[in-house]
Amino acid sequence: MFDLKNKTFRAGAVITLVMLLIITVGVFWTPYDPNAMDAAGKMAAPGPRHLFGTDNFGRDIFSRVVQGAGATFFIALCSVSIGLAAGLLVGGLTGYYGGWVDELLMRLNDTLTAFPSLLLTLVLIAVFQGGKYNIILALGVLFIPTFARIVRMEVARQKALDYVANARLMGVGDMRILFVHIMPNIWPVLLSAVAIGFNNAVLAEASMSYLGLGVQPPDPSLGRMLNEAQGYLLRAPWYALSAGAAIILLVLGFGLLSEGLGGDGRA
Amino acid sequence: MEQSEHVLEVEGLGVVYQDRGLFGKKTSFQALTDVSFHVNKGEILGLVGESGCGKSTLSKAILGMLDTAIVTGEVRHLTKRPQMVFQDPAGSLNPAKTVGWILEEPLRVYGKYDAAERKRRVLDMLERVGLSKSYAGRKPGELSGGQKQRVSIAAALIRRPRFIIADEPVSALDVTIQAQILDLLWDLRHDLDLSYLFISHDLNVVYSICDRVMVMEKGRIIEQGSVDEVYDHPKEDYTKRLLSAVQY
């Protein structure tokens with residue numbers, strides 16, 4: 001299933017694994033307390049004491065980037081999981097059973113797809129209010145249609161194959177056919193969509209937090225750091241650059257993974 | 001004519017496919033009309049006809065696999081759990097599972113045997129279809145066409161049915177492999193006390209394996225009898241045309 005000879009996939013895997021390693025270490029240890037202020041060491045340039053320099057409160061930017069990337073990744077992981085789980089259920093059932101429920105849900109799906117996703121996220125956040133967990137919920141709900149559509153299409157395609165007819169003939173129940181016989185065959189297609197989902201989630205979280213609707217201060221997130229950094233773009237460019245680089249690396253890693261898995265690597 | 005036991009009786013079977021779009025007009029197609037026949041215990045009954053004449057519809061109707069079509073008439077199964085061997089073994093075997101898993105699944109669903117007994121039956125069946133035990137760990141994608149068809153025959157037979165519908169079971173295979181699979185089906189009939197409804201468009205294949213044969217044209221059975229009878233003295237023009245097109 002994983003083509004390790006595929007250079008795109010390998011590059012994506014290496015970037016993603018390195019980022020995940022840094023994030024995992026960051027959960028337990030960072031060089032400094034990400035929220036510890038140091039009035040004497042404000043906006044220090046990158047150097048041996050502070051790898052990426054310090055911000056306007058004298059906080060260590062490297063530590064904040066590591067924790068911020070962790071927060072962003074956590075949000076992406078949770079929202080993709082919600083979207084994937086619900087998408088599997090909705091797409092699986094509609095793809096397998098078809099009928100008017102399928103027609104209705106898919107037309108609803110089309111309607112949702114017609115709106116720009118950023119706009120929908122803003123609407124959902126206006127309803128749920130901001131904050132880490134509401135962002136997760138809003139993005140998770142927003143991802144359901146995309147996953148449902150892919151799962152539905154694949155399930156409908158697999159359902160027409162003889163191995164499903166054969167399983168029915170042998171007395172295998174519908175739910176077992178759907179989740180045990182069919183699902184393993186759609187993972188390859190779904191994995192690519194999951195990687196892209198992560199990608200979109202990272203970007204969406206960054207945009208929302210940048211707008212001040214996501215992770216709330218003083219907790220770091222990559223989007224929040226961009227927001228804070230914009231006031232000091234000329235005096236402390238390393239602030240925005242470090243947060244931006246972390247976002248780019250995360251997105252690049254997932255994008256290459258998706259492309260290496262057979263997707264087109266785009267949202 | 002001697003009185004023999006039947007495994008399947010079909011009487012006045014008709015199938016109409018209906019299709020209706022969301023707002024479209026209803027269209028219907030009569031796929032089978034007044035089909036009546038029986039399969040004797042222990043025999044191989046052939047069904048020939050050109051593609052699109054309703055052969056596959058008949059096999060699906062017999063096994064209750066037509067969800068949306070209107071089926072009339074009567075199908076009486078006189079054996080338990082009739083099974084089917086499909087034309088394309090690449091599509092009839094789940095590509096994500098191993099051969100062992102595929103063969104074990106019908107037994108798992110049946111639920112009467114423990115894991116050790118299921119494994120014993122799987123290995124026994126692999127041997128019967130001429131595959132070594134090592135095939136249990138492989139996936140269908142790693143097998144050749146002939147090996148795949150052996151696996152799908154094994155899967156159909158694992159719960160020991162007495163009646164099998166083989167829908168073009170050798171059409172997707174090379175000629176040399178065809179002969180091997182036909183031999184296997186022939187041998188299994190005696191070993192496992194089977195009866196077949198053998199569907200094919202290939203009159204040579206039907207001649208080589210079947211006891212009796214039915215000829216289907218446009219959803220009707222127009223002629224049936226012993227293979228020698230039908231091949232040597234065809235009554236219908238359609239049968240004569242079919243026969244004149246092949247060397248056998």
* Asked: Residues that are in contact with a Cys (Cβ under 8 Å, 6 or more places away or on another chain): which helices (runs of 4 or more DSSP H) entirely in the stretch B:86-193 hold 1 or more of them?
  -> none
* Among residues of the stretch B:179-224, those that are among the hydroxyl-bearing types (Ser, Thr, Tyr) and open to solvent by less than 10 Å² (accessible area, probe 1.4 Å), counted -> 3
* **Matching residues, the stretch A:217-262, being open to solvent by 60 Å² or more (accessible area, probe 1.4 Å), within 20 Å of A:Ile135 (Cα to Cα) and charged (D, E, K, R)** => A:Asp219
* helices (runs of 4 or more DSSP H) wholly in the stretch A:169-267 with at least 3 residues that are farther than 20 Å from A:Gly68 by Cα and touching a residue at least 40 places away in the same chain (Cβ under 8 Å) - which ones? -> A:183-210, A:237-260
* To do: Output the residue which, of all residues in the stretch B:42-68 that are in a loop (DSSP other than H, G, I, E, B) and within 14 Å of chain A (Cβ to nearest Cβ), is surrounded by the most Cβ atoms within 10 Å (Cβ to Cβ).
  => B:Leu63
* Asked: Can you tell which of A:Leu93, A:Leu88, A:Leu124, A:Leu104 is of a type outside the set (S, T, N, Q), farther than 28 Å from B:Arg108 by Cα and either away from every other protein chain (no Cβ under 14 Å) or touching an Asp or Glu at 6+ places or on another chain (Cβ under 6 Å) (or both)?
  -> A:Leu124
* Structure fact -> The number of residues in the stretch A:36-45 that are in contact (Cβ under 8 Å) with a residue 24 or more places away in the chain and either surrounded by 16 or more Cβ atoms within 10 Å (Cβ to Cβ) or more than 19 Å from A:Ala240 (Cβ to Cβ) (or both) is 2
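Any idea which residue in the stretch A:89-121 is nearest to the chain's Cα centre (by Cα), counting only those that are open to solvent by less than 30 Å² (accessible area, probe 1.4 Å) and under 27 Å from A:Val251 (Cβ atoms)? Steps first, please.
Step one: of the stretch A:89-121, the residues open to solvent by less than 30 Å² (accessible area, probe 1.4 Å) are A:91-92, A:94-96, A:98, A:102, A:106, A:109, A:121.
This time we only want the ones that are under 27 Å from A:Val251 (Cβ atoms), so: A:91, A:109, A:121.
Numbers: A:Gly91: 20, A:Asn109: 20, A:Thr121: 14 Å.
Here the answer is A:Thr121.
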* To do: Looking only at the stretch B:81-98, decide whether some residue is open to solvent by 50 Å² or more (accessible area, probe 1.4 Å) and more than 10 Å from chain A (Cβ to nearest Cβ).
  => no
* Asked: Right, A:Pro31: touching a helix residue (DSSP H, G or I) at 6+ places or on another chain (Cβ under 6 Å), surrounded by fewer than 16 Cβ atoms within 10 Å (Cβ to Cβ) and not charged (D, E, K, R) or not?
  -> yes
* Criterion: of a type in the set (Phe, Trp, Tyr) and either surrounded by fewer than 18 Cβ atoms within 10 Å (Cβ to Cβ) or over 18 Å from the mean Cα position of the chain (by Cα) (or both) - qualifying residue of A:Phe128, A:Phe143, A:Phe147 -> A:Phe128
* Failed condition for B:Val35, given (1) over 26 Å from A:Leu178 (Cβ atoms); (2) exposed (fewer than 14 other Cβ atoms within 10 Å of the Cβ); (3) hydrophobic (A, V, I, L, M, F, W, C) -> (2)
* Would you tally the residues in the stretch A:131-140 being open to solvent by less than 50 Å² (accessible area, probe 1.4 Å) and either aromatic (Phe, Trp, Tyr) or part of a helix (DSSP H, G or I) (or both)? => 6
* **Which numbered condition A:Arg168 fails, given (1) farther than 23 Å from B:Ile153 by Cβ; (2) open to solvent by 60 Å² or more (accessible area, probe 1.4 Å)** => (1)
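Restricting to the stretch B:33-53, name every residue that is in contact (Cβ under 8 Å) with a residue 60 or more places away in the chain and within 18 Å of B:Gln87 (Cβ to Cβ). Please lay out each step first, then the result.
Residues of the stretch B:33-53 that are in contact (Cβ under 8 Å) with a residue 60 or more places away in the chain, as a first pass: B:33-37, B:39-51, B:53.
Those that are in contact (Cβ under 8 Å) with a residue 60 or more places away in the chain and within 18 Å of B:Gln87 (Cβ to Cβ): B:Ile44, B:Leu45, B:Gly46, B:Leu47, B:Val48, B:Gly49, B:Glu50, B:Ser51, B:Cys53.
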* Structure fact -> All conditions in (1) of a type outside the set (Val, Ile, Thr); (2) surrounded by fewer than 16 Cβ atoms within 10 Å (Cβ to Cβ); (3) farther than 25 Å from A:Gln158 by Cα are true of B:Gly14 except (2)
* Asked: open to solvent by 10 Å² or more (accessible area, probe 1.4 Å), more than 30 Å from B:Phe86 (Cβ to Cβ) and of a type in the set (D, E, K, R): does that describe A:Arg64?
  -> no
* Asked: Is one or more of the residues making up the stretch B:102-111 farther than 30 Å from B:Ala245 by Cβ, crowded, with 16+ Cβ neighbours inside 10 Å and of a type in the set (Asp, Glu)?
  -> yes
* Name the residue, out of B:Ile62, B:Ile44, that is modelled with pLDDT of 90 or more and in contact with a Pro (Cβ under 8 Å, 6 or more places away or on another chain). => B:Ile62
* Asked: Can you name the number of the only condition in (1) away from every other protein chain (no Cβ under 14 Å); (2) hydroxyl-bearing (Ser, Thr, Tyr); (3) open to solvent by 60 Å² or more (accessible area, probe 1.4 Å) that B:Tyr135 fails?
  -> (3)
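The values are calculated or read from the model by the stated rules, or taken from the named source; none is laboratory data. These figures come from a predicted structure and were not determined experimentally. As a convention, Cβ positions derive from the backbone with ideal geometry for all residues, glycine included, and neighbour counts pool all protein chains shown. All accessible areas refer to the heavy atoms of the entire protein, side chains included, with ligands and DNA or RNA removed. Shrake-Rupley method; radii C 1.70, N 1.55, O 1.52, S 1.80 Å.
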